[in-house]
Amino acid sequence: MALTNHRRFFLGWLPLLFVLVLLGVLASLFFGSNPIALSQVWQTLTGDSAVPDSVKSIVLDERGRRTLLGLVVGAALGISGVMAQTQTRNALADPGLLGVSAGAACAVALTIYTIRPEGQMPLMWAGLIGAALASLVVFSVASSRATVGDPLTLILAGQGMHMSLLGVTAALVLLDRGTFTQMRFWQAGSLAGREDDALHALLPFVAVGIVLALLIAPAINALAMGSDYASSVGIPVSAVRFVGIAAITILTGAATAACGPIAFLGLATPHIARKMVGTDMRKLIPTCALLGMALLLVADTAGRVAGRPGELEASLTLAIFGAPLFIMVVRNRRSLAV
Amino acid sequence: MAVTRAATKRIWIFSILGLAILVWLFILDVSTGDVNVAPANVFAALLHGPDPAGFFDPLGHLTVWEFRLPVTLAALLAGVGLALAGALMQTITRNPFASPDTLGVSQGAAAAAVLLLVGIPTWFDSSPLTDAAVPVAAFIGGLLSAVLVYVLAWRRGMEGVRLILVGIAISVVMQAITVYLLITGSVEAATRAQVWITGSVYDASWELLAIAFPLVILGAVACIFLTRHYRAIALGDDTAHSLGVPLAVVNTATVLIAVIVTAATVSVVGPLVFVGFAAPQIARLIAVRPAPPLVLSMVCGAVFVLAAAYLTRTIPQQQLPVGIATAVIGGPILVWLLFRLQPKGL
């Protein structure tokens, strides 16, 4: 025990995580469904003018843009995952569980079904509104009980919403072939084929979500000792829970609206992160953000390389390569309590 | 003790009430469709038996026995089977989350079925071979997936939360594979696959039911021998252990029953969401007990799916899969129950 907890975090884990993210970014830029020589990518990145324009546009525009999108979405899903697990005190909680991504999916299906919009932006906004409405309903159900914010009630209400919304989505999809054709591509969460402005619209929401999460991190630490203890040291328990739900909604809603439902990242990241840095939320939130970024970028790159000449969706690769890792963590953990 | 006796009485009253509703829904469901058969005639035809000779309304008899009964029985099977599996999983894990969906069975079955429906286009044509192959593939896929989950979750014994976590991981993988297959297939094949994975009773046949029903009934009967252990398990693993419950044996047997029942059900009706999760919870809330009562759960599940099947049938033109209705009705019912019947101290 030469290092204290804090020093181990700042000198050990944090630099390691940054290196992981950097590796993810480099992998995402250097490898893709188009086999481009690594030296050419390097020349492009260092600003060598001898590189043909076609290579430049692939590396900087296509790969660069989806790398940025991957960083933002990865951070958003990683943080919303850890927030959801602490909020519900359930090791199984996933933002999808609260009905948030189902709300987004349902709103997107409804938008396609009714107005058949051009491009990705209307769907993005629809997804965001759907996610917000779903969270609002779930949280008002859970908070209007005598047992305010009781984790079990929240989960049951969220799961109810989730299933119902999926049912409505299935109905819309089966009633109209056009909706089905469009929805089945969006349903596979991916960083590919998303519009330029998705990233711009996404950024402010994710920024707000991250700030909210960090603001209440110390309060969540106190809440982990029990709500009686938390209120006795002067923490406004309901307010903290509300802000937590708001952060989950904003982060998941925005990410889902931009990329489609990407499962597993929000469920897996916190489990791995807790293994690294313990249960202090002030460390867990940055850890989950960085871990989420790295995992999503690696998954996306692997899908592009493995699926040549096409590509596998990031959500699929994430599930297939992430599941064994996740199962390993589950098997090795002594206790699964959050 | 007084509380327990009152709760037991409640369970009995609601079970009998539920059974009465079930019989009524059953007759109603069989009598409704493109051709309506009067409920009295349905009743008479059912009593008359499968042989039409000597029955006063041959067309009605044909409609009831050939077309309606398999579909309605499939709905009944789905309700009973999924609710039983859900109740068992929720009991041994003491987690309201546990359901057939989190065991990996439903998603594994769905992935295997979609692989056939989408991956091999020529099989898309409705032939007797396809009709048989899809449920068989689903059954095998569900079992394999469950075995995978169980093996991966076993570590010096079985722990409920670990089982669910591994189950969810495998479910997510299977789901991702299903979505990927839906993208790669033609629109027609993908639509058919989407109907299957939403859960539809219209593919049911007497042959399938003759295999699936005995499996579900066997599972339910096997549970009778385990019921007294479940009461102890509801008090916690440590308490159950000190009361002499062979935890490893009971848990393994229970998971095995739940898996087989789920696979049998899902191979006939598809992965009908929400039933395995909601029915036991509704029963638990009615009974005001920490663990869902098995019989009441099965009655709730059957009523739930039959009502859903009846509703989808009243919508003309579209043969909408019953899974849509179970999902759309189930959510609000559960939320309403959370408002109304929140038991103290649970």
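Quick notes on this one:
- With the helix formula -39500 (n - 2.57) applied to DSSP H stretches of n ≥ 4, chain B reaches a computed 222 nm mean residue ellipticity of -24500 deg cm²/dmol.
- 3J(HN,Hα) along region A:29-44, derived from phi through the Karplus expression 6.51 cos²θ - 1.76 cosθ + 1.60 where θ = phi - 60°, amounts to 7, 8, 10, x, 6, 8, x, 10, 4, 4, 5, 5, 4, 4, 4, 4 Hz, with x in place of Gly and Pro.
- Euclidean distance between Cα centres, region A:231-266 to region B:4-70, Å: 48 Å
- Other protein chain C-beta atoms within 10 Å of residue C-beta, averaged over A:307-319: 3.
- Taking GluC sites (Glu not before Pro) in DSSP loop conformation with at most 16 other Cβ atoms inside 10 Å as exposed sites, chain A has its longest uninterrupted site-free stretch at A:196-338.
- Whole-number percent relative contact order across chain B, with pairs defined as alpha carbons under 8 Å at least 6 apart: 29 percent
- Point-to-point label distance, A:VAL55-B:ILE16, nm (Cα→Cβ direction, 7 Å offset): 8.4 nm
- For chain B: rounded, prolate or oblate by the Cα gyration tensor [a/c cutoff 1.5]: oblate
- Within region B:3-76, the chymotrypsin sites (Phe, Trp or Tyr not before Pro) that combine a DSSP coil assignment with at most 11 other C-beta atoms in a 10 angstrom radius are B:PHE56.
- Under 12 Å, Cβ to Cβ, from B:THR32 - net charge with Lys/Arg +1 and Asp/Glu -1: 0
- Mean Cα-pair separation over length for region B:132-255, i.e. relative contact order, pairs under 8 Å, 6 or more apart, %: 18 percent
- Using C-alpha pairs under 8 Å with a sequence gap of at least 6, the mean separation divided by the residue count of region B:25-69 gives a relative contact order of 39 percent.
- Net charge of neighbours whose Cβ lies under 15 Å from the Cβ of B:VAL64, counting Lys and Arg as +1 and Asp and Glu as -1: -3
- By the count of other C-beta atoms within 10 Å, a proxy for reagent exposure, A:HIS6, A:HIS162, B:HIS61 are ordered fewest to most as A:HIS6, B:HIS61, A:HIS162.
- Peptide A:320-327 shows a mean partner chain C-beta count of 5 within 10 Å per residue C-beta.
- Look at the stretch B:177-190: the mean tally of other chain Cβ atoms within 10 Å of its residues' Cβ atoms is 4.
- Among the trypsin sites (Lys or Arg not before Pro) found in region B:1-106, those both in a DSSP coil and sparsely packed, with 16 or fewer other Cβ atoms within 10 Å of their Cβ, are B:ARG94.
- Among the chymotrypsin sites (Phe, Trp or Tyr not before Pro) in region B:175-263, those placed in a DSSP loop whose Cβ has at most 12 other Cβ atoms within 10 Å are B:PHE225.
- Dipole in debye (nearest 20) - chain B, about Cα centre, beta carbon charges: Lys, Arg +1; Asp, Glu -1: 1600 debye
- Computed about the Cα centre, the dipole magnitude for the protein assembly as shown is approximately 2400 debye when only Lys and Arg (+1) and Asp and Glu (-1) carry charge, each at its Cβ.
- B:ILE120/A:LEU203 FRET efficiency (R0 35 Å; Cβ-Cβ; nearest 0.05): 0.20
- The helix-only estimate of mean residue ellipticity at 222 nm for chain A, built from DSSP H runs of length n ≥ 4 each weighted as -39500 (n - 2.57), is -24000 deg cm²/dmol after division by the residue total.
Readers should treat all values here as calculations from the given coordinates under stated rules, not as data from a laboratory. These figures come from a predicted structure and were not determined experimentally. Heads up, the Cβs are rebuilt from the backbone with ideal geometry, glycines too, and the neighbour counts pull from every protein chain shown.
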